[in-house]
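Below is one structure, written out as C-alpha cells; the observations come after it.
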Amino acid sequence: MLSSLAAVALAFLLDAAFSEPPARAHPVAYYGRVVTALDRQWRAPRLVGGSIALTLPLVAAALAALTVFGAARVHSLLPALLAGLWLFATTSRRMLVDLAGDVVTGVDAGDESARTTIRGLVGRDTTELSESELRSAAVESAAENLADGLVAPLLAFALAAPLSLAVGVAAAVWVKAVNTHDSVLGYPSKPHGTASARLDDLVMWLPARVSAGLIAAAALDPGALTRALEWAREPPSPNSGWPMATLAAALDVELAKPGVYALNPAAALPTTDDAERGVRLVDRACIVAFVLAGVGAWF
C-alpha cells in the first residue's frame, strides 16, 4: 500500500533529521517508565511477570493502532502521517550509528569520556577495558542494536501492514514493547522478568538473523554469513550472536566481551579503521532495512 510506503519513508526522514523524538514526548520512554515502576518484588513473581509480559505490550499495540484507525475519520492522509510517527518512535538509526561513531572517535582521541558515552550502548563495566576492547564493544553493540532497535519493528510493520496500516503499527509497537520489557526486566536476578526475556528471545529470533543478512549484504560479502556460523552461538543470548558474528566475519576482526564470548578469536581486535568501517556497515544495513521494509509494506 502506498500509505505504508509513505509511513516508512517519513520515519526514515524524521530519523535522519532529528535522530530521536524529544524525551518529553517519546512514547517508548513513557512506556519504559511504566515497566520500570513494575520492577519490584512480587509475591508470585513468575505469575505476575508473565501477566505483565503478555498484557502490557498488547495494550500498547492496541492504543497505537486505535490512533491510526481513528485518524482515518479526520483526514485520509492522517493515518500515514501517524504511522510514520509511530515508526519513527519505535526505530533508531541515526542515534545508534552516531553514538557508536562517537565512542570510536573518542577512543582514538584518548578521551576518557568515551567510557561513559559507551554506556548508551552496553551494560557492562567499561572501566578496565582496553582501547581495543572499547572499540570492540562499540562495534558489536551497534550490530546487536541494529536487530532490536531497527530491524525488529520494521520487519513487524512490513509483515503486518498489508493487512492494514493500523495492524502494521500495532505489530511494530508490540515488538518494541516486548523488547523494552526485556531491557528493563530480563535479567537472571529478576524472576519476574523471566517471561519478558523468554518472549523477547522468541520475537527476536527472525530479526536477528535478518540483521545478519543485512550486514553481509552491506559488506557485499555473503560468505560472512557462512563464516559467522562458527561463532554465532557463543554469546549467552540465542539471537545477539548472529549480527555480531557476521560483522566480525565481514570485518575480519575479533569482537569479544571478556570472560563471556569471543567472536572470530583468531583475528585481532578492531583498530580505529576497522571500527569506523564497522559502524558504516551497520549504517548501510539500517538503510537497506528501511528500503526493504518500504517495499515489503507496499506489496
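The values are calculated or read from the model by the stated rules, or taken from the named source; none is laboratory data. This one's a predicted model, so the numbers in the text were calculated from it and none came from an experiment. Every residue, glycine among them, receives a Cβ derived from its backbone with ideal geometry; neighbour counts consider all protein chains shown. The area values use the complete protein model at the heavy-atom level, side chains included, leaving out ligands, DNA and RNA. Shrake-Rupley method; radii C 1.70, N 1.55, O 1.52, S 1.80 Å.
The set of residues in the stretch 65-75 being over 23 Å from TRP174 (Cβ atoms) and open to solvent by 100 Å² or more (accessible area, probe 1.4 Å) consists of ARG73, VAL74. Condition check for LYS257 on (1) within 16 Å of ALA100 (Cβ to Cβ); (2) within 21 Å of the chain's Cα centre (by Cα); (3) open to solvent by less than 30 Å² (accessible area, probe 1.4 Å): one failure, at (3). Just to be sure, is VAL28 in contact with an Asp or Glu (Cβ under 7 Å, 6 or more places away or on another chain), surrounded by 15 or more Cβ atoms within 10 Å (Cβ to Cβ) and among the aliphatic types (A, V, I, L, M)? Spelling it out, it is not the case that VAL28 is in contact with an Asp or Glu (Cβ under 7 Å, 6 or more places away or on another chain), surrounded by 15 or more Cβ atoms within 10 Å (Cβ to Cβ) and among the aliphatic types (A, V, I, L, M). Only one entry in LEU14, LEU58 is among the aliphatic types (A, V, I, L, M), open to solvent by less than 70 Å² (accessible area, probe 1.4 Å), within 22 Å of the chain's Cα centre (by Cα) and modelled with pLDDT of 95 or more, namely LEU14.
Taking the residues in the stretch 210-246 that are of a type outside the set (Asp, Glu) and over 20 Å from the mean Cα position of the chain (by Cα) as candidates, determine which candidate is least open to solvent (accessible area, probe 1.4 Å). Reasoning before the result, please.
As a first pass, look at the stretch 210-246 and keep what is of a type outside the set (Asp, Glu): 210-220, 222-229, 231-233, 235-246.
With the extra rule that they be over 20 Å from the mean Cα position of the chain (by Cα), the set shrinks to 220, 222-224, 226-227, 229, 231.
Details: LEU220: 153, PRO222: 99, GLY223: 27, ALA224: 0, THR226: 98, ARG227: 99, LEU229: 90, TRP231: 30 Å².
Going through the qualifying residues, I end up with ALA224.
Scanning the stretch 182-208 for residues being open to solvent by less than 10 Å² (accessible area, probe 1.4 Å), within 26 Å of ARG43 (Cβ to Cβ) and at pLDDT 95 or above gives a total of 1.
In the stretch 5-27, is there at least one residue being part of a helix (DSSP H, G or I), in contact (Cβ under 8 Å) with a residue 12 or more places away in the chain, among the polar types (S, T, N, Q) and in contact with a helix residue (DSSP H, G or I) (Cβ under 8 Å, 6 or more places away or on another chain)? No, every residue in the stretch 5-27 fails to be part of a helix (DSSP H, G or I), in contact (Cβ under 8 Å) with a residue 12 or more places away in the chain, among the polar types (S, T, N, Q) and in contact with a helix residue (DSSP H, G or I) (Cβ under 8 Å, 6 or more places away or on another chain). Taking helices (runs of 4 or more DSSP H) as the structural unit, no element lying wholly within the stretch 69-173 holds at least 3 residues that are touching a Lys or Arg at 6+ places or on another chain (Cβ under 6 Å).
Here the condition is being open to solvent by 10 Å² or more (accessible area, probe 1.4 Å) and under 22 Å from the mean Cα position of the chain (by Cα); of ALA152, ALA138, ALA142, ALA160, it holds for ALA160 alone. THR105 falls short of the stated requirement of being farther than 20 Å from LEU281 by Cβ and surrounded by fewer than 19 Cβ atoms within 10 Å (Cβ to Cβ).
In the condition set (1) touching a residue at least 60 places away in the same chain (Cβ under 8 Å); (2) of a type in the set (A, V, I, L, M); (3) not in a loop (DSSP other than H, G, I, E, B), ALA224 is compliant with all but (1). In the set (1) surrounded by 18 or more Cβ atoms within 10 Å (Cβ to Cβ); (2) in contact with a Ser or Thr (Cβ under 9 Å, 6 or more places away or on another chain); (3) assigned to a loop (DSSP other than H, G, I, E, B), the condition left unmet by ALA249 is number (3).
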